[in-house]
Amino acid sequence: MSGMVGRSVVDLVARSPDVAAEVGAGMPAIIPQRWTPVPDARRSPSVLIRRVSHRPGAGDPRATMPRMSRTVITFGTFDVFHVGHLRVLERAADLGDRLVVGVSADALNERKKGRVPVFSERERLAIVGALKVVDEVFLEESLEQKRDYILEHGADVLVMGDDWAGRFDDLGDVCEVKYLTRTPAISTTAIIEHIADL
């Protein structure tokens, strides 16, 4: 066993996962990587092979593991969906690997803006959920629950329009907070007012 001490990587074959106990106290501390069942024609049942390393990073599976995904979460009413909505969602999606969108409930929108949305919450959920850049949608029922929504969906980044700048800075302890500038001269309210004037 002493010949193994100088090797950076060794393969240990054993019937028991407790290899450290079998090789004895003379073995230096090892970093386990994985156990893989390997059929052995001479033995039954299969033996277990574990590759171990004496040097951090040597053969470390983390070197070849895919990067952890980054989840972005954003919120909005998305009523009378327009290109400004699309642009902000595309920009939010570019900040991570997965985009989750909270669509404001009808009742929440009425409390926020003093009017009922043109499209119902069910229709707005369907519209936003059909977008290629959106991975998941859910109904946002309260502005005060943003922290709960962030934790529930495992979000790493919260994205809001710059009209909310500073409002959610206190959530910086659970995720990164970013405020994006809105597309100029485009708003749902302006569109609704323009249509009403036709």
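Listing for the model above:
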read-out	value
Those lysines that a straight Cα-Cα span of less than 17 Å connects to Lys112, excepting residues fewer than 8 apart in one chain	Lys146
The stretch 71-119, Rg to Rh (Cα coordinates; Rh as Kirkwood inverse mean 1/r)	1.03
Computed over the stretch 71-197, Kirkwood Rh from alpha-carbon pairs, angstrom	14.8
Spin-label model distance (nm) - Asp163 vs Glu123, 7 Å beyond Cα toward Cβ	2.0
Separation in nanometres of the label points that stand 7 Å from Cα toward Cβ, at Arg111 and Val83	3.5
Rough spin-label spacing in nm, given labels placed 7 Å along Cα→Cβ, for Arg182 and Asp170	2.4
Pairwise FRET efficiency - Met68 versus Glu141, Cβ, R0 = 30 Å, nearest 0.05	0.55
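Bear in mind these aren't lab numbers, they're just calculated from the coordinates by the rules spelled out. Given the structure is predicted, the values throughout are model-derived calculations rather than measurements. Positions of Cβ are backbone-derived with ideal geometry, glycine not excepted, and every protein chain shown enters the neighbour counts.
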